[in-house]
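Taking it in order: structure first as structure tokens, then the write-up.
What follows draws every value from the coordinates through simple rules; no lab data is involved. All values reported here derive from a predicted model rather than from experimental measurement. Methodologically, a virtual Cβ is constructed for each residue, glycine included, from the backbone with ideal geometry; neighbour enumeration extends over all protein chains shown.
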Amino acid sequence: MLDIASIRRDFPILQQEVNGKPLIYFDNAATSQKPRQVIEALVHYYASINANVHRGIHFLAEKATEAFEDTREAVAKMINSSSKEQIIFTRGTTESINLVAASYGRTFIREGDEIIISTMEHHSNIVPWQMLCAEKRAVLKVIPMNDAGELLMDEYRKILSPHTRLVAVMHVSNALGTINPVAEIIRLAHKQGAKVLIDGAQAAPHYHIDVQALDVDFYAFSAHKMYGPTGMGVLYGKRELLEAMPPYMGGGEMIKEVSFKGTTYNEIPYKFEAGTPNIGDVVAMKYAIDYMQSIGQEAIAKHEHDLLSYATDAVSNIPGIRLIGTAKEKASVLSFLIDGIHPMDLGMLLDAKGIAVRTGSHCAMPLMERLGIDGTVRASFAVYNTEAEIDTFAKELRRAAETLR
């Protein structure tokens, strides 16, 4: 049993009231809150070791570089990368995906090649591929899903072909909570000679990721959804792919030598990290990883699964409620509608009671179109959430359903 009361004390932002009510934060799929360990690490960096990394030989530069590279090592261990050089720091999952589209895509995708995504993708895993396909005259194909929000794997097998060059799908749906069968998706793609990118933004906060066991070619995720700072993301790539890809941006750090006759590029990962990086937030990310591992990722996943089951039961008999996304394998996301109440109105009503949820399309407009709706109300849970908070949430939902419908 986790000591949730003790965990909650680690999060200063939870110790406040919103609109005269104790804050209930159910918007964790958008961004998670930060424990004091992460906040203190960020403050310590700027107060004690602030300096640019890699290029200095003075004391502060060496300390900053050491802390910066410690995070790279921690990320590599967290996802079981075979080396830390395969870990590239970006501004977030979105930039990680765009890096692959711009570098790998522009180099290796040709006219007539096919890229496969899924119906439930976040816009960040749709738009870069649309842009690439328009530029290269490649073909974008989409894996359909059923009404429960599960990918139709038989249809995926049908659209795979010798022309498939890349498959890019999310590990966990931010809008529905569906856990996709990524190991099988990767295996089938590799049989056709295709490479695979997995958007792990919603998986990394909840589950142990093993990139070697998955045999994934690229894996992308963000720090801010896993109790770390914003503006900090990760791209993992297989060494042979990263070494074959050209730089994403030009500037400092990504070079070995520069002359007006030409430039020699740096080794990975620095080849893809042009300019001064987001050093403080990179340093603080290690403390987010340490925090999650101190609790235990399996324990976090179990607690969140229990919260999802509890919440699903708590709201299931509310008049007019319709759950959106009922896959058999789900992460801690509860999306729903209440007949006769606009999602935004419901979100504002809950906010008045100190309850933070997300409303709208969740950057998944094609998914909402497939479901025949404009958007949903989404409650998403983290390790610091409780059944008592869910009880309050369900009570306010019932009150809204009974008074506003």
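What's the exposure ranking of S118, S173, S309, going from fewest to most Cβ atoms within 10 Å? List each step's numbers first, then the result.
Details: S118 26, S173 32, S309 12.
Lowest to highest Cβ neighbour count: S309, S118, S173.
Among F11, F381, the order by Cβ neighbours within 10 angstrom, fewest to most, reads F11, F381.
In a DSSP loop and with at most 11 other Cβ atoms within 10 Å, the chymotrypsin sites (Phe, Trp or Tyr not before Pro) in segment 259-331 are F260. At a 10 Å Cβ-Cβ cut-off, how would you order M348, M254, M170, fewest neighbours first? The most exposed by this proxy come first: M348, M254, M170. Note on L323 and R8: the extension gain reaches 110.6 nm, defined as 0.36 nm multiplied by sequence separation minus the Cα-Cα distance.
Which of the three applies to segment 146-213, rounded, prolate or oblate, going by the alpha-carbon gyration tensor with a ≥ b ≥ c and a/c under 1.5 meaning rounded?
Oblate, since a/c reaches 1.5 and b/c is not below a/b.
Between the helical axis of 182-191 and the longest alpha-carbon principal axis of the chain there is an angle of about 40 degrees.
Taking GluC sites (Glu not before Pro) as exposed when DSSP calls them loop (any state but H, G, I, E, B) and at most 11 other Cβ atoms lie within 10 Å, what is the longest stretch of the chain free of them, the sites themselves excluded? Within the chain, the longest run free of exposed GluC sites (Glu not before Pro) spans 112-266. Once the Cα atoms of helix 297-315 and of the chain are each reduced to a long axis, what angle between those two axes, in degrees from 0 to 90 to the nearest 10, is obtained? Value to nearest ten degrees: 30.
Here are some pairs, K34/K353; K158/K286; K77/K195; K158/K238; K136/K158; which of them have Cα atoms lying more than 30 Å apart in this structure?
K158/K286
Counting only alpha carbon atoms, the long axis of helix 59-79 and the longest principal axis of the chain meet at about 60°.
Applying 1/(1 + (r/R0)^6) with r as the Cβ-Cβ distance of Q130 and A352 and R0 = 45 angstrom yields a FRET efficiency of 0.70.
Segment 294-347 and segment 370-403 have Cα centres lying 7 Å from one another. Summarising the label geometry, the points placed 7 Å from Cα in the beta-carbon direction at K256 and T312 lie 5.4 nm from one another.
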